[in-house]
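A quick write-up on the structure given underneath.
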Amino acid sequence: MAFENGIIDLRSDTVTHPTKEMRAAMAEAVVGDDVYGEDPTVNELEKKSAELLGMEDALFTASGTMGNLIAVMTHCGRGDEAIMGRQGHTFLHEVGNMSAVGGVFAQIIPNQPDGTLQLTDIKDAIRSEDIHHPETKLLILENTQNNCGGVPLTKKYMRDVKNLLVNHEVALHMDGARIFNASEALEIDPAELVADADSIMFCLSKGLCAPVGSMLCGSKEFIKEARKIRKQLGGGMRQAGILAAAGLISIGPMIKRLNEDHDRAKKLADGIKNIEEVELNKGYPQSNMVFVKLREGLDKSVEEIITEMGNEGIRISDSGPGEFRFVTHYWIDDADIKKFIEVFSTVFTA
Ligand SMILES: *Cc1c(COP(=O)(O)O)cnc(C)c1O
């Protein structure tokens, strides 16, 4: 499917619009007051999301950022510590919310190129019992790991991390904004992939096309507390079934088509990898993201390239100095990929 206005927008999968089916479902949604627990559409979405990920319960949140923050505040109290990767969304792109709002201390350890955190680094980061130390309560992993290339973390890796954490009574939260891209890339059932996580957040927006919303999943007890913290943060929504109706389509047919986005990311990479002026960065695409780097010494800047592509109706953005990230999604079809490759190739010769 291409955008109706003909714009090819590869900046992110956050730019996706709701599908026609979603708009119809939203118009017809049966609603109630969700703060009273009386919105049947939200209740259905929470129940189905929990089932899909093999968790006991789930909570609809306004955004992924809010879902992650609620998870951190449910696992940790003020002055407790959470460990996460230097390349993680929770460290880079959530405005320091866990400290600013939750009073939670963040400890950062390096991500490996494959997106993982090294087990020895995790072990060294967990605090010992000492009057000088905060208590380490949580480890956050991200799957797929966006900044490392949209790479999936395997079930085996998660198992190894969990085995390490249980000895120290540290919980495992999964920032699974794109967990279904990960399960698709690894060809594994999503519930099996996240079986070792104590909680997981995933986004209904992004590649799954809902206009708004994320789900936080965990045990009954965890979600009960999380629901109260959501209210405390001002995230208790009333007739949210309007939004949940789109979410039900996200976790149904939209998950099943993510392989198309992954195929198109590979096509895009294949189409540009022989352009002399660029090289693939962060490996061959494993999900819906393609990273490229400009070769050094080019007389064209990232900004000039973005402008020239924009003039042709193609939106792209940089992901660091001399770097681009292209993201495929529902609103990018084969013709869009073909046009992108043609235009991107000519930018360097023009
Ligand atoms: C987008 C994203 C989030 C946050 O989601 P929002 O809905 O944009 O707040 C969290 N983690 C990762 C890895 C993301 O890509």
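The values are calculated or read from the model by the stated rules, or taken from the named source; none is laboratory data. What you see is a predicted model; the values in this text were computed from it and never measured. Heads up, the Cβs are rebuilt from the backbone with ideal geometry, glycines too, and the neighbour counts pull from every protein chain shown.
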Unmet criterion (only one of (1) out of contact with any helix residue (DSSP H, G or I) (no Cβ under 7 Å at 6 or more places or on another chain); (2) buried (at least 24 other Cβ atoms within 10 Å of the Cβ)) for Ala195: (2)
Thr19 being more than 16 Å from the ligand (Cβ to nearest atom), touching a Gly at 6+ places or on another chain (Cβ under 9 Å), at pLDDT 95 or above and β-branched (Val, Ile, Thr): no
Members of the stretch 168-215 found to be closer than 30 Å to Thr120 by Cβ and among the aromatic types (Phe, Trp, Tyr), listed by number: Phe202
Of residues in the stretch 31-49 being surrounded by fewer than 22 Cβ atoms within 10 Å (Cβ to Cβ) and of a type in the set (Asp, Glu), the one nearest to the chain's Cα centre (by Cα): Glu44
Subset of the stretch 198-228 that is more than 14 Å from the ligand (Cβ to nearest atom) and surrounded by fewer than 19 Cβ atoms within 10 Å (Cβ to Cβ) - its residue that is farthest from Ala58 (Cα to Cα): Lys228
Selection status of Gly79, on the phi > 0 side of the Ramachandran plot, assigned by TED's automatic domain parsing to the domain that holds Lys220 and touching a residue at least 24 places away in the same chain (Cβ under 8 Å): yes
Yes/no for Val166 being surrounded by 22 or more Cβ atoms within 10 Å (Cβ to Cβ), within 27 Å of Val151 (Cα to Cα) and more than 13 Å from the ligand (Cβ to nearest atom): no
Sole exception among (1) farther than 28 Å from Val212 by Cβ; (2) buried (at least 16 other Cβ atoms within 10 Å of the Cβ) for Met289, by number: (1)
Pairs, first in the same structural domain as Thr116 (by TED's automatic domain parsing) in the stretch 159-175, second basic (Lys, Arg) and surrounded by 14 or more Cβ atoms within 10 Å (Cβ to Cβ), C-beta under 6 Å, six or more apart: Leu172/Lys162
Residue match in the stretch 68-75 (condition: within 15 Å of the ligand (Cβ to nearest atom) and closer than 23 Å to Thr154 by Cβ): yes
Residue list for the stretch 61-107, restricted to those being out of contact with any Phe, Trp or Tyr (no Cβ under 6 Å at 6 or more places or on another chain), more than 14 Å from Ile229 (Cβ to Cβ) and of a type in the set (A, V, I, L, M, F, W, C): Ala82, Ile83, Phe91, Leu92, Val95, Ala100, Phe105, Ala106
